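Q: Below you will find the structure I want to go over with you.
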Amino acid sequence: MPTNLPPDYFDAEKRYREAEGIAEKIACLEEMLSIVPKHKGTDHLRADLRRQLAKLKSDHEAHKKHGSHASAFHIEKEGAGQVVLVGLTNAGKSTLVAALTNAEPEVSPAPHTTWKPTPGMLKIENIQVQLVDTPPLDAEYTDPGVFDLVRRADLVLVVLDLQADPFTQYETTLAMLQAHRIALYQPGKIPETSEKLTCIPALLLVNKCDDTGSDEDFVVLCELFEGDCPLLPIAALSGRYFDRLGPRLLEALDVIRVYAKPPGREADLETPFVLKRGSTVTDLARKIHRDFFEHLKAARVWGSSSFEGQLVQRDYLLQDGDIVELRTS
Ligand SMILES: Nc1nc2c(ncn2[C@@H]2O[C@H](COP(=O)(O)OP(=O)(O)OP(=O)(O)O)[C@@H](O)[C@H]2O)c(=O)[nH]1
Ligand SMILES: [Mg+2]
């Protein structure tokens with residue numbers, strides 16, 4: 001405990017210890033945080049206070065709402081896929097979500113800034129993908145909601161700080177996920193299913209690749225990681241390598257875009273239907289409308305693996321970019 005704390009701090013701490021309700025405890029902790037002077041000697045104390053505050057706030061949210069569906073950690077999926085960012089504190093998760101999407105999560109050099117998840121939409125070409133910022137993984141306390149979010153995710157981005165021993169961060173992250181029976185795998189390489197584990201595809205985002213010097217560190221890191229999930233360099237602050245992210249996300253989400261064409265009219269190429277790779281004409285019909293699905297006879301397809309307007313059956317395997325005219329008669 002640093003010795004140079006002002007008397008106000010000890011008053012607030014006393015009230016904190018005596019407080020009975022969560023809201024009152026939160027108020028006292030916030031007051032303590034605002035009183036603690038900001039310097040190196042108080043780093044640990046401030047991190048501890050933030051960690052306690054994060055726990056209390058998430059307990060408070062859970063109390064306010066009823067049932068797990070109302071939890072702050074139950075984020076409705078939107079767009080072509082839900083991509084959840086996880087990692088240790090200060091890796092730059094919030095900076096990334098703030099830079100890439102319309103969301104505005106708080107960013108700070110102080111540890112344990114984020115205490116609840118924040119979703120935002122990232123536009124990639126003509127579709128939107130949902131990115132979700134989360135509170136940090138921490139050996140002492142991590143909100144269990146983070147693991148629920150990961151289990152439901154379509155893709156996980158493990159954010160590693162290149163400037164803070166990324167390999168150890170990766171090992172710690174993996175161990176924490178494993179303790180909650182979650183395993184990560186390389187997108188496209190679906191592992192054998194296991195009742196004991198939830199397996200989620202993941203990419204490793206190595207953040208703070210600020211300059212050419214960090215590029216060299218990134219190359220060294222890639223050599224250490226041989227055989228595991230793919231690593232991508234990024235710099236959330238400057239936007240370096242942002243252009244590489246979109247295509248990798250689409251590939252990892254394993255989705256295709258198809259365009260519906262009403263008979264006698266042009267297809268709307270601005271608004272694709274997003275389907276899992278491996279989907280058929282029937283899957284598209286189901287997605288558009290139940291009537292189509294029930295009355296579908298055949299379809300005409302314009303695309304890379306068919307000739308112009310080829311007549312195909314219901315089980316025709318669709319490809320990315322296909323234009324499809326559904327036939328109900
Ligand atoms: N040099 C550098 N700093 C970065 C970069 N991205 C984020 N930072 C800094 O890293 C610090 C932490 O960023 P946050 O986005 O709050 O990190 P976080 O992972 O959300 O942290 P928690 O909410 O505690 O989990 C801030 O000071 C950011 O400015 C980057 O690309 N380069
Ligand atoms: Mg954050």
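Q: Could you list, ordered by first residue, the pairs with Cβ atoms under 6 Å in which the first is in region 159-188 and open to solvent by 50 Å² or more (accessible area, probe 1.4 Å) and the second is part of a helix (DSSP H, G or I) and of a type outside the set (A, V, I, L, M), at least 6 apart or interchain?
A: Filtered contacts from region 159-188: HIS180/PHE147.
Q: Which ones in region 230-250 are aromatic (Phe, Trp, Tyr) and open to solvent by less than 10 Å² (accessible area, probe 1.4 Å)?
A: none
Q: Given the conditions (1) surrounded by 22 or more Cβ atoms within 10 Å (Cβ to Cβ); (2) assigned to a helix (DSSP H, G or I), which single one is not true for PHE147?
A: (1)
Q: Looking at region 57-76 only, could you name the residues that are open to solvent by 80 Å² or more (accessible area, probe 1.4 Å), assigned to a helix (DSSP H, G or I) and at pLDDT 65 or above?
A: Correct list: HIS63, LYS64.
Q: Sticking with this structure for a sec: Restricting the search to region 254-272, which residues are open to solvent by 60 Å² or more (accessible area, probe 1.4 Å) and either closer than 30 Å to GLN186 by Cβ or not aliphatic (A, V, I, L, M) (or both)?
A: Those that are open to solvent by 60 Å² or more (accessible area, probe 1.4 Å) and either closer than 30 Å to GLN186 by Cβ or not aliphatic (A, V, I, L, M) (or both): PRO263, GLY264, ARG265, GLU266, ASP268, GLU270, THR271.
Q: Quickly run through region 131-141 and pick out the residues that are in contact with a His (Cβ under 9 Å, 6 or more places away or on another chain) and open to solvent by less than 20 Å² (accessible area, probe 1.4 Å).
A: Answer for region 131-141, where residues must be in contact with a His (Cβ under 9 Å, 6 or more places away or on another chain) and open to solvent by less than 20 Å² (accessible area, probe 1.4 Å): PRO135, PRO136.
Q: Look through region 27-56, keep the residues that are part of a helix (DSSP H, G or I) and β-branched (Val, Ile, Thr), and return whichever of them is modelled with the lowest pLDDT.
A: By that ranking, first place goes to THR42.
Q: Okay, next question. For region 1-26, which positions are open to solvent by less than 70 Å² (accessible area, probe 1.4 Å) and either in contact with a Ser or Thr (Cβ under 9 Å, 6 or more places away or on another chain) or at pLDDT below 90 (or both)?
A: PRO2, LEU5, PRO6, TYR9, ALA12, GLU13, TYR16, ALA19, GLY21, ILE22, ALA23, LYS25
Q: Output the residue which, of all residues in region 115-132 that are in contact (Cβ under 8 Å) with a residue 60 or more places away in the chain and in a loop (DSSP other than H, G, I, E, B), is nearest to ligand 2 (Cβ to nearest atom).
A: The residue in question is TRP115.
Q: Give just the number: which of (1) modelled with pLDDT under 95; (2) more than 11 Å from ligand 2 (Cβ to nearest atom) does LEU100 not satisfy?
A: Single failed check for LEU100: (1).
Q: Could you please let me know if LEU249 is in contact with a Gly (Cβ under 9 Å, 6 or more places away or on another chain) and at pLDDT 95 or above?
A: Yes: the conditions hold for LEU249.
The values are calculated or read from the model by the stated rules, or taken from the named source; none is laboratory data. Since the model is a prediction, treat every value here as computed from it, not as a measurement. Cβ sites come from the backbone with ideal geometry, for glycine too, and all protein chains shown count toward neighbours. These accessible areas exclude ligands, DNA and RNA; they are computed on the full protein's heavy atoms, side chains included. Shrake-Rupley method; radii C 1.70, N 1.55, O 1.52, S 1.80 Å.
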